[in-house]
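Visitor: What follows is a single structure, and I will ask about it in a moment.
Read-outs: derived from the displayed coordinates by stated rules, not from any lab. Model, not experiment: these values are computed from the prediction. With ideal geometry, Cβ positions are generated from the backbone for all residues, glycine too; neighbour counts draw on all protein chains shown.
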Amino acid sequence: MRFPRVARSILLVLAGAVVLWAAGTGVSLVFLPSVKPLADPRASFDVTVRDWRGKEHPFRVGPGNRYWTPISAVPSSLKKAVIAAEDANFYTHEGVDYEAIKEAIRTDIQKGRFVRGGSTITQQLAKNLFLSREKSISRKIKEYILARRIDDRLSKSRILELYLNVVELGPMVYGVGHASRYYFGKPPSGLTVRESAFLASMLPGPKVYDPYRNLGRVVRRSDRILRRMAAAHMITEEEYKAALAEEPNIEGLSRKVESTIASPPPEETGDLPVPGIGPGSEPPAPGTSAPGGEDTRVAEPSSGPSAGGNR
């Protein structure tokens, strides 16, 4: 008779833990930040990012960031490459792609491990602005709710603009404005189709898809992205062939990533004032209506994008 009693006790403890977890998650959902301020393209605000050593730095989101690239200045080839790489149904789903989630679950079960995340661009944006990198059910629930709210409040163009400007593309390299200059020495408007696919190929995680440590892996993934773009008629057959024939010109930059990891320059550490921020572009105080996300101010010191992956 002792075993049933012990079993009942264990079940009661487990049930209590589930109830407590559900209650805690429910309370945290009540206090999720408003996404309405993100709709204002003129406002700037700060989030916290972590470098590859785990050190936290402030990162300015909005026109106050000297690398900020409005969606009108992002070339069509880059927008298409990112959508082909990360979220083929971006313009048709409502922040969450249920078919992609089902496919990700099937793949994960077949592989016996987490291989695919199924996160949309909108979900990645919600995570980068408001949430931590922890892999938990409660975080995914928050990500889901925030993504639905973002899609409801913001235009697809604005969502893509925010995503392209906060996504991680190297050691303390956030946003396509910084990345295009960092890797190719030119603004995003000057990127070729191949270069656009090259940047998009790093989105799963620049520590894995590091062009200086594994250029072949990055080029192969960019080839796959180009094939997707051609198959979806995002580019012509001529553009596809020309892009495949082009070699991304990153020669001479191989030491830059290594030196940046070892000792980030002042403008990339956050130790000095963020360039391009003048009077009138101060971030809103906590609890006010900020332009961007998460918490009103979009992120507290313990949250925000962290190095090591965009999904």
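Visitor: Tell me the net charge near Ile235. Cut-off is 15 Å between Cβ atoms, Ile235 excluded, with +1 for each Lys or Arg and -1 for each Asp or Glu. Walk me through the numbers on the way to the answer.
Guide: On the way: positive: Lys79, Lys80, Arg194, Arg224, Arg227, Arg228, Lys241; negative: Glu195, Asp223, Glu237, Glu238, Glu239, Glu246.
Result for the local shell: +1.
Visitor: Same structure again: What ranking do 194-202, 53-61, 232-240 get when scored by the average of other Cβ atoms within 10 Å per residue, highest first? Kindly include the intermediate steps, with their values, before the conclusion.
Guide: On the way: 194-202: 27.7, 53-61: 17.3, 232-240: 14.1.
Result, highest mean first: 194-202, 53-61, 232-240.
Visitor: Here is a follow-up. Pop a pseudo-label 7 angstrom from the Cα along the beta-carbon direction at both Glu94 and Ile145 and give the gap in nm to one decimal.
Guide: 1.7
Visitor: How charged is the neighbourhood of Ser196? Take every other residue with its Cβ under 10 Å from the Cβ of Ser196, and add Lys/Arg as +1 and Asp/Glu as -1. Numbers along the way, then the final one.
Guide: Values: positive: Lys79, Lys80, Arg194; negative: Glu195.
Taking every other residue near Ser196 into account, the sum is +2.
Visitor: Pulled fully out, how much extra length does the chain show between Leu32 and Arg213, if you take 0.36 nm times their separation in residues and subtract their Cα-Cα distance?
Guide: Working: separation 181, 0.36 × 181 = 65.16 nm, distance 3.87 nm.
Stretched fully, the Leu32-Arg213 segment lengthens by 61.3 nm.
Visitor: Tell me which of Val47, Ser157, Val173 sits at the most positive position along the dipole axis of the stretch 35-250, charges placed on C-beta atoms (Lys, Arg +1; Asp, Glu -1).
Guide: Going by the Cα projections, it comes out as Val47.
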